[in-house]
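Engineer: Sharing a structure here in structure tokens format.
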Amino acid sequence: MTHPEEHAERAEQDDRVAQDDRVAHDRSAGHVVYVYAVVEAAAPLRDRLAALRGVAEARVELLSETGGDGDGSGRPGRLALVVSSVPRADFDEAALTRNFEDLAWLERVARAHHDVVGAVAARGTVLPLRMATVYEDGDRAGRALSERHETFARRLAALRAHAEYGVKLSLPPAGAVSRTAPAAPTDSAVPGGEGRPAGPGRAYLHRRRAQRQAREAVHAQAGPAAAALSEAAARHASEHVRHAPQRSPLSGPSQNVLNASYLVPDARADAFRAAVARVAERFPDLRVEVTGPWAPYSFAMPPSGPDPAAGDGPDEAGPAPAREAS
Amino acid sequence: MSAPHAGRYDDRHDLPYDGGHPGGYEDRLPERQVALVDLLDRLLSGGVVLAGDLVLSVAGIDLVRVSLRALVVSVGDETAGQDSEGRPA
């Protein structure tokens, strides 16, 4: 990616003045600053963002990097935050605690956040922020950005021309394994006593045993399948991370046993998908799902996980759990 | 290419993205809405966690994360939900 910073400099400075005016206005009107992502300030985003509505239907803006005293403006490779001014009443701590219990609200905000990040990712490298990161005002947000400039710039460079892909492995829902087996009767089972002639009860038990054995056979494939998938996927990825298996009403009836994300160079995306598909073909009883491309949500922090509270200190401070470079 | 699992189960919670094209992100934006569960995996446990002067972020609210785990997903906790029958009612 090129950095046509010089010719963009004046326009950005003008914009920043306008943004700061607006942020100040919004602050007095009971607004806070919702931050979606970090981007390179030179990324050609303005027209794209102008057409967007973000969280709470708010306009989406770029907030260029400044320290409280403007020390960031002269740096090479300047960064910017993608932000919206959102109502304080919906995003202060009490409201967020309440709203996060509301699945409809959560989904609305998550999808709005995702739409903004996706639009930005389409134009350049993006460093997504954790959902619902909110600052009192633009000055504080900009200062937080400047304080971690080096960390973010390094991470953006590492993520350039990469995308995240999800790979999930699931067991079929109970009852879906032996589709040839007749359905269990709705009345209660009659245990087949020894010596009694085969009857409906015994036949039922027989079917249940066959179903159980079929299911156990499928379960036994899960470990080898997960290992083969992980190996094949990691071969084409720069980094990978394992999410917790999905176990919730939202994740459907399948039993998820592997829920991983891979940071894949764009040039390897097809090879990555093909490798995963080849493994999936070896395990037809299991469900393999590839999602993506995603903006690199799962890889926004370096693999070795710097202290989130630290500034531009050493990044190699200690391993983050379940996170490795491939 | 089509996803390896295409059509195997009618599981509308986890619709795959299978309309990919090679090339940059712009060419590959999914046309189909992503599954909420996959999105929340990433938005609630991924992303940069900025700390310091901010009002708050999700990461700082233990209460939210605990109640979310029951409601939605096991948020970034590798040890939670390992019980194969642990799906909340």
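Engineer: Here's a check for you: in region A:85-94, which residue that is within 21 Å of B:LEU39 (Cβ to Cβ) and touching a helix residue (DSSP H, G or I) at 6+ places or on another chain (Cβ under 7 Å) is surrounded by the most Cβ atoms within 10 Å (Cβ to Cβ)?
Structural biologist: Here the residue is A:VAL86.
Engineer: Please work out if A:TYR204 is aromatic (Phe, Trp, Tyr), on the phi < 0 side of the Ramachandran plot and touching a Pro at 6+ places or on another chain (Cβ under 7 Å).
Structural biologist: The answer is yes for A:TYR204.
Engineer: Quick test for you: out of A:ALA322, A:ALA309, A:ALA274, pick the one residue that is at pLDDT 80 or above and of a type in the set (A, V, I, L, M, F, W, C).
Structural biologist: A:ALA274
Engineer: Do you know which residues across region A:113-160 are in a loop (DSSP other than H, G, I, E, B) and more than 8 Å from chain B (Cβ to nearest Cβ)?
Structural biologist: Initial filter on region A:113-160 (in a loop (DSSP other than H, G, I, E, B)): A:122-125, A:136-137, A:148, A:160.
Correct list: A:GLY124, A:THR125, A:ASP137, A:ARG160.
The values are calculated or read from the model by the stated rules, or taken from the named source; none is laboratory data. Since the model is a prediction, treat every value here as computed from it, not as a measurement. Methodologically, a virtual Cβ is constructed for each residue, glycine included, from the backbone with ideal geometry; neighbour enumeration extends over all protein chains shown.
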